[in-house]
1. Cβ-Cβ distance below 6 Å, separation of 6 or more or different chains: which pairs start in the stretch 188-199 with a residue that is buried (at least 22 other Cβ atoms within 10 Å of the Cβ) and end on one that is assigned to a loop (DSSP other than H, G, I, E, B) and of a type in the set (A, V, I, L, M)?
2. Taking the residues in the stretch 282-306 that are among the hydroxyl-bearing types (Ser, Thr, Tyr) and modelled with pLDDT of 95 or more as candidates, determine which candidate is farthest from Val260 (Cα to Cα).
3. What pairs can you find where one residue is in the stretch 231-245 and surrounded by 23 or more Cβ atoms within 10 Å (Cβ to Cβ) and of a type in the set (Asp, Glu), the other is at pLDDT below 95 and not in a strand (DSSP E or B), and their Cβ atoms are less than 9 Å apart, with a gap of 6+ or different chains?
4. If the requirement is being among the aliphatic types (A, V, I, L, M) and either touching a helix residue (DSSP H, G or I) at 6+ places or on another chain (Cβ under 8 Å) or over 19 Å from Val300 (Cα atoms) (or both), which of these qualifies: Leu220, Leu244?
5. Before we move on, is Asp275 farther than 24 Å from Lys205 by Cα and not basic (Lys, Arg)?
6. For Ser279, which of the numbered conditions (1) in a strand (DSSP E or B); (2) out of contact with any Lys or Arg (no Cβ under 6 Å at 6 or more places or on another chain); (3) crowded, with 18+ Cβ neighbours inside 10 Å; (4) not charged (D, E, K, R) fails to hold?
7. Take the residues of the stretch 289-307 that are surrounded by 12 or more Cβ atoms within 10 Å (Cβ to Cβ) and of a type in the set (Gly, Ala, Ser): which is farthest from the chain's Cα centre (by Cα)?
8. Does Gly227 fit the bill of being surrounded by fewer than 21 Cβ atoms within 10 Å (Cβ to Cβ) and over 20 Å from the mean Cα position of the chain (by Cα)?
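The values are calculated or read from the model by the stated rules, or taken from the named source; none is laboratory data. None of the values given here were measured: they were computed from a predicted structure. All Cβ positions, glycine included, derive from the backbone under ideal geometry; neighbour counts span all protein chains shown.
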Amino acid sequence: MSAYTSNGTSVTLEARRRTFSMGKFARADGLIPGGASVRSQPNLTITFTSADGLSQTFKVTDNMRFLEDENGRVRMDDSGALPQADSQGRAATAIVVNLSDGGNLRGGDGDDVLFNLGQNAVLDGGKGDDTLLSMGDGARLLGGDGNDTLKIVRDIIRKENTAHGINMKATEANLQKAALEGFEKGQSVFMDGGDGDDVLLSEVKLHDSTILGGDGDDTLTFGTLVGSSLDAGAGDDMIRTDKLSASILRGGDGNDSIAVHTAANGSVVDGGKGDDRLSVQHVRGSGLVRGGDGEDAINVGTLKEYSMVDGG
């Protein structure tokens with residue numbers, strides 16, 4: 001077990017043994033000063049605890065190998081990084097945890113997992129099928145090449161009074177919600193999935209945000225977007241939102257599937273090029289639903305307050 005503390009918030013990492021492999025080696029890129037071995041196929045648990053005792057736990061399970069010292073403790077360096085290792089002890093991929101504002105988290109060529117609790121942080125997954133998970137306002141999430149998962153989650157450690165857990169494999173997160181309360185302000189973020197078939201989602205309201213799916217068949221799922229822009233990019237994308245307010249949603253090139261519950265306050269839903277399917281339950285406040293180029297199927301429930309539908 002290893003622990004790291006910053007700004008009153010601590011993170012504890014524990015990997016419970018399944019099997020050992022690869023023997024001993026003297027040093028692993030400076031991470032462990034003494035002898036170390038490689039732990040294969042662990043169950044890794046990451047627990048964040050605030051100064052007032054609130055906590056949330058992440059469980060990462062996959063076919064990974066992590067470094068541990070001679071006492072069986074998983075090790076993490078001063079930056080909050082927990083590298084994996086290959087049979088020679090070289091860092092292969094990484095789990096990186098950021099607790100500070102303004103942090104810069106970068107993955108490598110492997111399938112990385114980046115956690116962020118700080119404000120105005122940058123998470124760059126690089127190559128590989130990465131998972132980027134952020135709770136801090138003002139974050140920039142860059143998936144890079146690969147089939148990445150980018151997710152904005154509630155920051156219950158600093159902003160709420162109930163807990164939840166996240167069970168995830170190395171490239172996906174499945175939120176198990178509990179009684180989440182408050183937190184209506186939302187966050188302002190920048191998300192870019194990059195090339196690949198990416199998954200972008202948020203469980204909090206976003207305002208003044210930019211969301212880019214990039215090239216690939218992406219899945220984008222969001223609740224409320226206010227004063228924001230969502231562009232799925234090229235590919236056959238699936239886009240789901242609950243409410244758009246003064247926001248623009250573009251499907252981009254490709255045969256896209258778009259579902260919106262409410263588009264209001266001048267919001268625009270635009271399928272773009274391709275044979276798209278658009279479904280909007282309610283359009284009001286000068287909202288616009290536009291099919292764009294291609295043979296589109298448009299279904300609109302109610303149309304109010306100078307709103308329009310344009311088949312393209």
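1. Close Cβ pairs satisfying both conditions: Val189/Ala139.
2. Out of the qualifying residues, it is Ser286.
3. From the stretch 231-245, no pairs qualify.
4. Selected residue: Leu220, the only one of Leu220, Leu244 that is among the aliphatic types (A, V, I, L, M) and either touching a helix residue (DSSP H, G or I) at 6+ places or on another chain (Cβ under 8 Å) or over 19 Å from Val300 (Cα atoms) (or both).
5. Numbers: farther than 24 Å from Lys205 by Cα: yes; not basic (Lys, Arg): yes.
Yes.
6. (3) is the only condition that Ser279 fails.
7. Within the stretch 289-307, the match that is farthest from the chain's Cα centre (by Cα) is Ser307.
8. Spelling it out, Gly227 is indeed surrounded by fewer than 21 Cβ atoms within 10 Å (Cβ to Cβ) and over 20 Å from the mean Cα position of the chain (by Cα).
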